[in-house]
Amino acid sequence: MNWVDIVLVLVVLLAIWAGWERGFILGTLDLINWLGSILLGIVFYPYTAKLLQMIFPSLGAWLLPVAFLATIFISRILIGLVTSRIAWSTTPGINGSPVNKFLGIIPGFINGVVYATVIAALLLALPLWDDITKSTRNSQIASKLSDEVEWVNEKLSPVFDKAVNQTINNLTIHPSSNESVKLPFRDSNPEVREDLEGKMLQLVNAERTKRGLQALQPDPELTQVARAHSKDMFARGYFAHLTPEGKSPFDRMNDAQVHYLTAGENLALAHSLSIAHNGLMNSPGHRANILNPAFGRVGIGILDGGFYGLMVSQEFRN
């Protein structure tokens with residue numbers, strides 16, 4: 001448990017305490033108010049953006065963030081008018097009853113989990129200090145919230161991408177594609193994450209063994225090929241199976257004198273190991289490589305670019 005875990009736990013505990021103080025009725029109304037305003041913000045911010053663009057054309061990259069926050073603010077006021085009338089209609093004695101206060105823990109806990117998820121997502125998505133991003137990535141609680149964090153990132157990325165220099169939260173390319181994505185950043189000194197490479201090997205083998213497939217053996221030679229490609233993509237600001245010179249994964253394996261009968265490569269760029277793995281498993285082409293019975297060895301190269309994310313290369317061979 002690191003300091004990010006402690007902060008997230010405190011957020012949940014404070015929300016539970018606030019739920020006790022507010023009680024079940026008021027706590028539930030508060031939950032409806034702010035969750036409803038966020039959902040309305042996600043749905044209607046594009047329309048607000050069109051209006052703001054006509055009024056304030058100079059907003060530029062901040063157009064969508066301002067539209068999103070303005071929509072939330074307006075929605076919160078409108079929903080608050082309704083929930084306030086409901087709150088005023090309740091009997092004061094009910095709000096102060098021990099049962100109502102105890103049940104207030106329920107909306108308080110839900111609030112706390114949502115707060116923690118949003119905080120974890122923002123710590124991963126925003127271009128803050130590398131230490132903050134890495135601590136969040138290594139947080140046990142943030143890891144457990146990975147599915148929820150990925151959903152929040154998916155919804156917030158279109159809103160904040162331009163304002164935060166288009167930070168990428170999850171990126172993959174089909175294994176057979178020659179597509180190349182130009183990254184809006186470069187990192188000449190990413191950190192090799194041997195610990196995460198080991199964890200990803202465990203995740204990959206868990207997917208294989210539960211389907212009756214043989215576990216992949218770690219391959220030191222392929223690991224060096226994988227790390228070199230992850231480092232090159234960070235250094236030259238691209239994301240592709242082909243290097244700018246046109247070298248394929250098989251060319252790179254041949255250059256490293258790695259022998260194979262059959263081989264393959266998966267790539268991912270994401271803000272956490274769980275998001276990277278889930279993204280690969282949800283992609284048919286990458287999933288096929290991970291579950292290919294012809295593969296017996298794998299080299300995984302993960303380089304940590306701080307708030308730029310984790311660059312993951314998986315190199316497979318028979």
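The values are calculated or read from the model by the stated rules, or taken from the named source; none is laboratory data. Remember, it's a predicted structure, so these values are computed and weren't measured experimentally. Cβ sites come from the backbone with ideal geometry, for glycine too, and all protein chains shown count toward neighbours.
A few comments on the model shown:
- Flag if residue 31 is surrounded by fewer than 17 Cβ atoms within 10 Å (Cβ to Cβ), closer than 27 Å to residue 141 by Cα and assigned by the TED database to the domain that holds residue 118: no
- Qualifying residue in the range 244-251 (condition: free of Cβ contacts under 8 Å to residues at least 24 places away in the same chain, in a helix (DSSP H, G or I) and either under 15 Å from residue 180 (Cα atoms) or assigned by the TED database to the domain that holds residue 209 (or both)): yes
- In the range 225-238, the residues that are in the same structural domain as residue 312 (by the TED database) reach residues that are part of a helix (DSSP H, G or I) with C-beta atoms within less than 7 angstrom, at least six apart or across chains, in these pairs: 225/252; 225/253; 229/252.
- With respect to being among the polar types (S, T, N, Q), touching a helix residue (DSSP H, G or I) at 6+ places or on another chain (Cβ under 6 Å) and outside any loop (DSSP other than H, G, I, E, B), residue 230 falls outside the description.
- Residue list for the range 284-294, restricted to those being under 12 Å from residue 314 (Cα atoms) and of a type in the set (A, V, I, L, M, F, W, C): 290
- Residue 43 within 30 Å of residue 135 (Cα to Cα) and either in the same structural domain as residue 103 (by the TED database) or not hydrophobic (A, V, I, L, M, F, W, C) (or both): no
- Residue match in the range 17-27 (condition: surrounded by 14 or more Cβ atoms within 10 Å (Cβ to Cβ) and of a type in the set (Asp, Glu)): no
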